[in-house]
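The values are calculated or read from the model by the stated rules, or taken from the named source; none is laboratory data. Because the structure is predicted, anything quoted here is derived from the model rather than measured. For neighbour counting, all protein chains shown are included, and Cβ atoms are generated from backbone atoms with ideal geometry for every residue, glycine included.
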Protein chains: 2
Amino acid sequence: MRLPLLALAAILAATPALRADEGMWTFDNLPVQKLKADYGFTPSQAWLDHVRLSCLRFPGGSGSFISADGLVLTNHHVGRGSVQQLSDKDHDYIKDGFLAATRGEEKKVPGLELFTLMAMENVTDRVAKAVKPGLADQEAQKARKIELGRIQKEIQDRTGLTAEAVTLYQGGEYWIYEYKKHTDVRLVMAPEQQIAFFGGDSDNFTFPRHNLDFTLFRVYEDGQPYHPKDHLNWTRSGVKNGDLTFVMGHPGATERLATSAQMAFAGDFALPTRVRLLERQRKALQDYAKLSGENARQVATQIFGLENSIKAMTGYISGLRDKAAQDRIRKAEKELQAKAAADPKVAGSWKAIEKALAVQKGLFAQSLAVNARSGAVYESSLLGQALTLVRLASETALPSEKRLEEFRDANLETLKKRLLVKRPFYPTLETAMFTFGLTEAAGNAPVPPEVKAILAGRTPAAAAQAAVSGSALGDPAVRQALMEGGLKAIQESKDPMILLAKQVDAPNRAFRKRMDEQVNSVLAEHGGRIAKARFAAYGKSLYPDATFTLRMTYGPVASYAANGTHIQPFTTFGGMYDRAAAWGPEAEHGAWSLPKRWLDRRAQVNPDTPFVFAHAVDIIGGNSGSPVIDKQGDLIGLIFDGNIESLPGHFYYDGKVNRGIAVDARAILEALDKVYDAGFLAREIRAN
Amino acid sequence: MRLPLLALAAILAATPALRADEGMWTFDNLPVQKLKADYGFTPSQAWLDHVRLSCLRFPGGSGSFISADGLVLTNHHVGRGSVQQLSDKDHDYIKDGFLAATRGEEKKVPGLELFTLMAMENVTDRVAKAVKPGLADQEAQKARKIELGRIQKEIQDRTGLTAEAVTLYQGGEYWIYEYKKHTDVRLVMAPEQQIAFFGGDSDNFTFPRHNLDFTLFRVYEDGQPYHPKDHLNWTRSGVKNGDLTFVMGHPGATERLATSAQMAFAGDFALPTRVRLLERQRKALQDYAKLSGENARQVATQIFGLENSIKAMTGYISGLRDKAAQDRIRKAEKELQAKAAADPKVAGSWKAIEKALAVQKGLFAQSLAVNARSGAVYESSLLGQALTLVRLASETALPSEKRLEEFRDANLETLKKRLLVKRPFYPTLETAMFTFGLTEAAGNAPVPPEVKAILAGRTPAAAAQAAVSGSALGDPAVRQALMEGGLKAIQESKDPMILLAKQVDAPNRAFRKRMDEQVNSVLAEHGGRIAKARFAAYGKSLYPDATFTLRMTYGPVASYAANGTHIQPFTTFGGMYDRAAAWGPEAEHGAWSLPKRWLDRRAQVNPDTPFVFAHAVDIIGGNSGSPVIDKQGDLIGLIFDGNIESLPGHFYYDGKVNRGIAVDARAILEALDKVYDAGFLAREIRAN
């Protein structure tokens, strides 16, 4: 059944659990009554079609068409990988920025694909029919998966579009989303990283901010600029404090349906434990970095990533410890438990989850020490690759559905590609990290037998040193040879990492099985049951957890209380120069220094130009690059972050302080006109 | 014995309890070794004499001489009362600012007196000798007081200076401080309140800030500008992040020696109870304000005061609930208890204080409802005045030392003056507040008999209405007639407020006696014993609690962690224009709007001029207007506030986040030169 898109079914059910403008709404189910009641605004079907078709999905982020000639707007940090990819030893576009003076100079980004959501089909009924009565849970799940795959392929064949299966409400609804794929995407303009990421990691996740975090691409088709049917017009008026805003984008993942026991587990135990581990890891990397400038360069990105994670997790923890918020969550949970009390399938699910968490607690330290699904084992990327090679040889001998998940046919190509990717390899760094990982693993009581076997009586440093220095796996050609050599090559290999991987293989499989059976599958099954009970009780008066599919959220430009005062809703270019002058160019490795161009052109720039604004919208990672529009549907801003108070948004939304942070549309034009001599782009954007 | 000032006795004792640059040090006891060890700087005796003699004490604040012609610098909010006093219906110097174009136009402030600390004498030994062996505690205390008074008078007679007795370390030391009094003080320049208090109550107690919170006075003698022996030279170089700064001023009061039980009592019970009361009171005033614009005008200052108190107390509470800080305090307390365990005079003092707090808890609601020592009784200023009149008639019939404290000879003049002061009187407001106060008092269970008597079966509103409308005490002439008429006039008065006051008198005295005997005297006595034990254990390696006498604190200009990021150590004029543009002129009743002059002169102002800086110094209320100097002794800034994290400083100092907030000296010159056309003052200041 093909549903008309966005049939604005009136949502009659009350939504008592929702506060403020909470919600990452799917386009088929916008809370139009609430929107009308609160803001006196009802979007027309044409308005909704227009904004949806103007949106784009980036790898890990969001974007939009902003001109009739296929100009695309997203964040600098979403386009950063492409900008990096196009740089070479003579051109550092990350540092210096990039501007194509003519269309001929626009640079194609190999491999970059963008997606427009053309249609969505609700296939819930058909999926339901595929489940024969009396099937056990796991069998039913499998039948649904198979049916979904079948429908997906049918639709793809029929439409020629890219079809993706989407599970909403943890199984309350199944959809196929149909995308037009754009494969010729060219870089048009990128500002300097220093102004895009002004304030560096210190200001990351905070507000007030001063980041020109945008990049322009252009979609081509048949070698010519693509003319999208829809693109967002640029605002003529700008936005002011209190104005209603809408954000369309692809929020990646939330856990708002986690039980209060799961939130307590995360806030009181799992996240603090993880943060302490990351802090120790940061310390290990910092010690390594201190040894030389070259060492420091090698690990700068890793340290930055750790800082970022520590900051984010610390924000999660503080949200999970907010008593008022957790009281609200427990109250809603009790309400749901009361409604679900009569259903034997779900009544015991909360207890089942608590039991699984108790098991997880006992296995937690070990699960942190080794996670063979990620690239590294005991923080050694070589050992991780070795384990993949060992398993590749044995797993591929099995039929696909019997293999470990990452070795199944659907995933095999990606896995092999990742295994052979050419990355800089630093043996000293590898040794340091393996030493750290072994030290962590050996800190468990009792020490796991495989760790004892690896150490063989030596210190972690000695064991790591021996394995890394004796291994040739740092060379992708060696890995490729082992991969192609199959079981025989693995059996004959004397590479110490391969030998260690063989020791790790069996106990790691056993541990993984235990985690899957006693923890992960229980959490998934009973989490799903609770989610379905919730869907049964409240239906589509609620929104589904984030799934990296197109959503809309809305709310006003708004100040909030923090730091003892009211935080200003806007910043200006003048505020950016204030920061730069206040800190000076040296502080925090130049975090608040300005690119030369911005110093040279200061007199031309109007200091009162609005730069960044904060608005009460419900966004999360994946929304980066989302367009912000007003009631007219005009583009007024560009999401690039949330404030520090938005971090608990992973678990719940607090409209009092949770804010999206967006580059003001006026800042982009002012910069193109006055700083980058790119008036021709500003004119293209203005020519609505 | 007259001690040479500032004999820089080397402080040899370790100071394990002190963290960072904690300390409000007396000038006779600076931590010179720590200063040398931490900053490689040792002030000379001449340096110290020079800066001390440049300092001034204002009523409730601090200031300094900044020119050879007696020009004085303090905060606008310290000088605000004077600026208000000189305003009239045709001249609103608060709103419009003030500038004397010539010395002839400088305006004398009637009654304003400033003080320079010329000398300090340690009289501890002589005071000790006045206590005969075997005296009971209270007798001994009395003997000390009498002896101190005697010494004070002797010194005053001998030197012609104003001598004041100062008790340090809760009785560990007794001093006489000798001041030169300046009685002809004239207003020279004041900026507009709007730029002095930019950001209003929202930004109060916070950072980053943008407040030109300064005012200039000039001291005259014999009708001519006074030429002080010492004045602070203005910086030529300015100050930068990390530079060492010194602050000299008059911190008013701290309770850093409170026991952990007292801190818990304050943080968990007393302050939250008080905050809730103030919030209810604010609500009552806001309800009153809503009725008309005139009503709103009448209570604006009161509401502002309440907001300020609520904000400050909320800051105290958050400090008192900081687990790490309280753990440190308990650890230090345990250390002291161990040292004092053998002394029977103090060993039981902690328990005695706990017992008194338990009593206080029971009496707390009632003590909040009526505080006859302050101006109002049950929030009625008329009833407060009536009670004073009733008691004045009976108390003055007794010998001075037998009277309630505020009626003793030394205090009588002030009390009478306050009673007769002419203030605007608004019967409707008075009724609303009395209604509120009676409602609060009647909320106690059991309702106190005197409250029952006042209500006499009526609602609080009816009782208040009847008393206020029937009373003539709003007229100062009526109060004066009753005061002068003595006991007879009071006995014959039929004024309903006088009649109510007679009902309140006896039970209020009884309640006050109970509070004094069972709570206040116990806390004072045992608090004193603990303080003396502390002084015995650590001596002058520690600093005494604040006493509104001259102290020095020091520390670097420094960023700190807040709001998820590092807070910039400086702000600039550009940042001020950013705030103004970001908020617009309407937000929060124009809190971030700029005076016209600042908009008109924007092009002349260098936006990068440093405006306000944050530094790690240990200050508190009373330090307002304190000069900030560098190692050269040059003036680099002007204290006007602390950040929100400094509020717990009332109880303890946390150098990680507690910051003093100072106007940068460069901002003052830039404003005088470019905005106020007062280059002649800038030249006088620069002419060191």
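A:Asp578 - would you say it is modelled with pLDDT of 95 or more, charged (D, E, K, R) and more than 30 Å from A:Ser54 (Cβ to Cβ)? Show your work before the answer.
Details: modelled with pLDDT of 95 or more: yes; charged (D, E, K, R): yes; more than 30 Å from A:Ser54 (Cβ to Cβ): yes.
So A:Asp578 passes the test.
I'd like to know if the range B:218-234 contains one or more residues that are under 25 Å from B:Gly642 (Cβ atoms) and out of contact with any Phe, Trp or Tyr (no Cβ under 9 Å at 6 or more places or on another chain). Walk me through it before giving the result.
Start the filter on the range B:218-234 by keeping residues that are under 25 Å from B:Gly642 (Cβ atoms), which leaves B:232, B:234.
Those still in the list that are out of contact with any Phe, Trp or Tyr (no Cβ under 9 Å at 6 or more places or on another chain) too: B:234.
Checked the range B:218-234: at least one residue is under 25 Å from B:Gly642 (Cβ atoms) and out of contact with any Phe, Trp or Tyr (no Cβ under 9 Å at 6 or more places or on another chain).
Can you confirm whether B:Ala603 is surrounded by fewer than 22 Cβ atoms within 10 Å (Cβ to Cβ) and either within 24 Å of A:Thr571 (Cβ to Cβ) or more than 9 Å from every other protein chain (Cβ to nearest Cβ) (or both)?
Yes: the conditions hold for B:Ala603.
Test of understanding: among B:Gly679, B:Gly655, which residue is at negative phi, free of Cβ contacts under 8 Å to residues at least 60 places away in the same chain, surrounded by fewer than 22 Cβ atoms within 10 Å (Cβ to Cβ) and in contact with an Asp or Glu (Cβ under 7 Å, 6 or more places away or on another chain)? Walk me through how you get there before you give the answer.
Details: B:Gly655 fails: free of Cβ contacts under 8 Å to residues at least 60 places away in the same chain.
Exactly one of B:Gly679, B:Gly655 is at negative phi, free of Cβ contacts under 8 Å to residues at least 60 places away in the same chain, surrounded by fewer than 22 Cβ atoms within 10 Å (Cβ to Cβ) and in contact with an Asp or Glu (Cβ under 7 Å, 6 or more places away or on another chain), namely B:Gly679.
Please find, within the range A:267-310, the residue that is surrounded by the most Cβ atoms within 10 Å (Cβ to Cβ) out of those that are of a type in the set (A, V, I, L, M, F, W, C) and within 24 Å of A:Leu357 (Cβ to Cβ). Step through it out loud before you land on a result.
If we filter the range A:267-310 for residues that are of a type in the set (A, V, I, L, M, F, W, C), which is where we start, we get A:269-271, A:275, A:277-278, A:284-285, A:289, A:291, A:296, A:299-300, A:303-304, A:306, A:310.
Retained after the next criterion (residues that are within 24 Å of A:Leu357 (Cβ to Cβ)): A:269-271, A:275, A:277-278, A:310.
Details: A:Phe269: 14, A:Ala270: 22, A:Leu271: 18, A:Val275: 18, A:Leu277: 14, A:Leu278: 17, A:Ile310: 18.
Within the range A:267-310, the match that is surrounded by the most Cβ atoms within 10 Å (Cβ to Cβ) is A:Ala270.
Any residue that is within 13 Å of another protein chain (Cβ to nearest Cβ), modelled with pLDDT of 95 or more and within 15 Å of B:Ala582 (Cβ to Cβ) - is there at least one of those in the range A:613-632?
Of the range A:613-632, the ones within 13 Å of another protein chain (Cβ to nearest Cβ) are A:613-614.
Those still in the list that are modelled with pLDDT of 95 or more too: A:613-614.
Retained after the next criterion (residues that are within 15 Å of B:Ala582 (Cβ to Cβ)): A:613-614.
So far as the range A:613-632 goes, yes, one or more of its residues are within 13 Å of another protein chain (Cβ to nearest Cβ), modelled with pLDDT of 95 or more and within 15 Å of B:Ala582 (Cβ to Cβ).
Go through the range A:45-61 and give me each residue that's touching a helix residue (DSSP H, G or I) at 6+ places or on another chain (Cβ under 9 Å) and over 17 Å from A:Leu71 (Cα atoms).
Going residue by residue through the range A:45-61, those that are touching a helix residue (DSSP H, G or I) at 6+ places or on another chain (Cβ under 9 Å) are A:58-61.
Of everything in the range A:45-61, those that are touching a helix residue (DSSP H, G or I) at 6+ places or on another chain (Cβ under 9 Å) and over 17 Å from A:Leu71 (Cα atoms) turn out to be A:Pro59, A:Gly60.
Is it the case that the range B:541-559 has a residue that's assigned to a helix (DSSP H, G or I) and either surrounded by 17 or more Cβ atoms within 10 Å (Cβ to Cβ) or on the phi < 0 side of the Ramachandran plot (or both)?
Keep residues of the range B:541-559 that are assigned to a helix (DSSP H, G or I), which gives B:541.
Okay, now just the ones that are also either surrounded by 17 or more Cβ atoms within 10 Å (Cβ to Cβ) or on the phi < 0 side of the Ramachandran plot (or both), so B:541.
Looking through the range B:541-559, at least one residue is assigned to a helix (DSSP H, G or I) and either surrounded by 17 or more Cβ atoms within 10 Å (Cβ to Cβ) or on the phi < 0 side of the Ramachandran plot (or both).
Could you check the range B:70-102 and list, in sequence order, the residues that are in a loop (DSSP other than H, G, I, E, B) and either on the phi > 0 side of the Ramachandran plot or touching a residue at least 12 places away in the same chain (Cβ under 8 Å) (or both)?
Applying the first criterion (in a loop (DSSP other than H, G, I, E, B)) to the range B:70-102 yields B:70, B:75, B:87, B:89-90, B:92, B:97, B:100-102.
Scanning the range B:70-102 gives B:Gly70, B:Asn75, B:Gly97, B:Ala100.
Answer yes or no: is there a residue in the range B:589-600 that is among the hydroxyl-bearing types (Ser, Thr, Tyr), closer than 30 Å to A:Asn643 by Cβ, in contact (Cβ under 8 Å) with a residue 24 or more places away in the chain and within 12 Å of another protein chain (Cβ to nearest Cβ).
First, pick out the residues of the range B:589-600 that are among the hydroxyl-bearing types (Ser, Thr, Tyr): B:593.
Retained after the next criterion (residues that are closer than 30 Å to A:Asn643 by Cβ): B:593.
When the remaining residues are screened for being in contact (Cβ under 8 Å) with a residue 24 or more places away in the chain, the result is B:593.
Next, from what is left, pick out any that are within 12 Å of another protein chain (Cβ to nearest Cβ): none.
No.
What do you reckon, is B:Ala128 over 22 Å from B:Pro228 (Cα atoms) and not in a strand (DSSP E or B)?
Details: over 22 Å from B:Pro228 (Cα atoms): yes; not in a strand (DSSP E or B): yes.
Against the criterion (over 22 Å from B:Pro228 (Cα atoms) and not in a strand (DSSP E or B)), B:Ala128 qualifies.
Is the range B:189-198 home to any residue that is surrounded by fewer than 19 Cβ atoms within 10 Å (Cβ to Cβ) and out of contact with any strand residue (DSSP E or B) (no Cβ under 8 Å at 6 or more places or on another chain)?
Filtering the range B:189-198 for residues surrounded by fewer than 19 Cβ atoms within 10 Å (Cβ to Cβ) gives none.
Checked against the condition, which is being surrounded by fewer than 19 Cβ atoms within 10 Å (Cβ to Cβ) and out of contact with any strand residue (DSSP E or B) (no Cβ under 8 Å at 6 or more places or on another chain), the range B:189-198 yields no hits at all.
Please indicate, with yes or no, whether at least one residue in the range B:555-575 is free of Cβ contacts under 8 Å to residues at least 12 places away in the same chain and away from every other protein chain (no Cβ under 14 Å). Before you say what the answer is, go through the steps one by one.
Here is the first cut: in the range B:555-575, the residues free of Cβ contacts under 8 Å to residues at least 12 places away in the same chain are B:563-566.
Next, only the ones that are away from every other protein chain (no Cβ under 14 Å) stay: none.
No; the residues of the range B:555-575 include none that is free of Cβ contacts under 8 Å to residues at least 12 places away in the same chain and away from every other protein chain (no Cβ under 14 Å).
From A:Tyr543, A:Tyr538, grab the single residue that is in contact with a strand residue (DSSP E or B) (Cβ under 9 Å, 6 or more places away or on another chain) and more than 14 Å from every other protein chain (Cβ to nearest Cβ). Walk me through it before giving the result.
Details: A:Tyr538 fails: in contact with a strand residue (DSSP E or B) (Cβ under 9 Å, 6 or more places away or on another chain).
Residue meeting the stated conditions: A:Tyr543.
For A:Ala582, which of the numbered conditions (1) surrounded by fewer than 24 Cβ atoms within 10 Å (Cβ to Cβ); (2) among the hydrophobic types (A, V, I, L, M, F, W, C); (3) within 14 Å of chain B (Cβ to nearest Cβ) fails to hold?
Condition (1) is where A:Ala582 drops out.
Out of curiosity, is A:Arg236 touching a residue at least 24 places away in the same chain (Cβ under 8 Å) and buried (at least 24 other Cβ atoms within 10 Å of the Cβ)? Before you say what the answer is, go through the steps one by one.
Details: touching a residue at least 24 places away in the same chain (Cβ under 8 Å): yes; buried (at least 24 other Cβ atoms within 10 Å of the Cβ): no.
So A:Arg236 does not fit the description; no.
Would you mind finding the one in A:Ser381, A:Ser400 that is without any contact (Cβ under 8 Å) to a residue 24 or more places away in the chain, over 19 Å from A:Lys494 (Cβ atoms) and touching a Lys or Arg at 6+ places or on another chain (Cβ under 9 Å)?
When all the criteria are applied, what remains is A:Ser400.
Out of curiosity, is B:Tyr177 in contact with an Asp or Glu (Cβ under 8 Å, 6 or more places away or on another chain) and surrounded by 22 or more Cβ atoms within 10 Å (Cβ to Cβ)?
On the way: in contact with an Asp or Glu (Cβ under 8 Å, 6 or more places away or on another chain): yes; surrounded by 22 or more Cβ atoms within 10 Å (Cβ to Cβ): yes.
When the stated conditions are applied, B:Tyr177 passes them.
Conditions first: (1) closer than 18 Å to A:Arg186 by Cα; (2) outside any loop (DSSP other than H, G, I, E, B). A:Ala46 passes all but one, so which condition is the exception?
Checking A:Ala46 against (1) closer than 18 Å to A:Arg186 by Cα; (2) outside any loop (DSSP other than H, G, I, E, B), the one that fails is (1).
Looking at the range B:311-321, which of its residues are more than 12 Å from chain A (Cβ to nearest Cβ) and surrounded by fewer than 17 Cβ atoms within 10 Å (Cβ to Cβ)?
Residues of the range B:311-321 more than 12 Å from chain A (Cβ to nearest Cβ): B:313, B:316-317, B:319-321.
Matches in the range B:311-321: B:Arg321 only.
Quick one: is A:Lys532 under 30 Å from A:Leu114 (Cβ atoms) and part of a helix (DSSP H, G or I)? Give the steps one after another, and end with the answer.
Working: under 30 Å from A:Leu114 (Cβ atoms): no; part of a helix (DSSP H, G or I): yes.
Judged against the criteria, A:Lys532 is not a match.
Out of curiosity, is B:Pro251 surrounded by fewer than 20 Cβ atoms within 10 Å (Cβ to Cβ), more than 14 Å from every other protein chain (Cβ to nearest Cβ) and in contact (Cβ under 8 Å) with a residue 12 or more places away in the chain? Spell out the reasoning first.
Numbers: surrounded by fewer than 20 Cβ atoms within 10 Å (Cβ to Cβ): no; more than 14 Å from every other protein chain (Cβ to nearest Cβ): yes; in contact (Cβ under 8 Å) with a residue 12 or more places away in the chain: yes.
No; evaluated as a whole, the condition is false for this residue.
Test B:Ile329 against the stated conditions and say whether it is without any contact (Cβ under 8 Å) to a residue 24 or more places away in the chain and either of a type in the set (A, V, I, L, M, F, W, C) or on the phi > 0 side of the Ramachandran plot (or both).
No: the conditions fail for B:Ile329.
Output the residues belonging to the range A:196-228 that are more than 13 Å from chain B (Cβ to nearest Cβ) and in contact with a helix residue (DSSP H, G or I) (Cβ under 6 Å, 6 or more places away or on another chain).
Within the range A:196-228, A:Ala196, A:Leu212, A:Asp213, A:Phe214, A:Thr215 meet the criteria.
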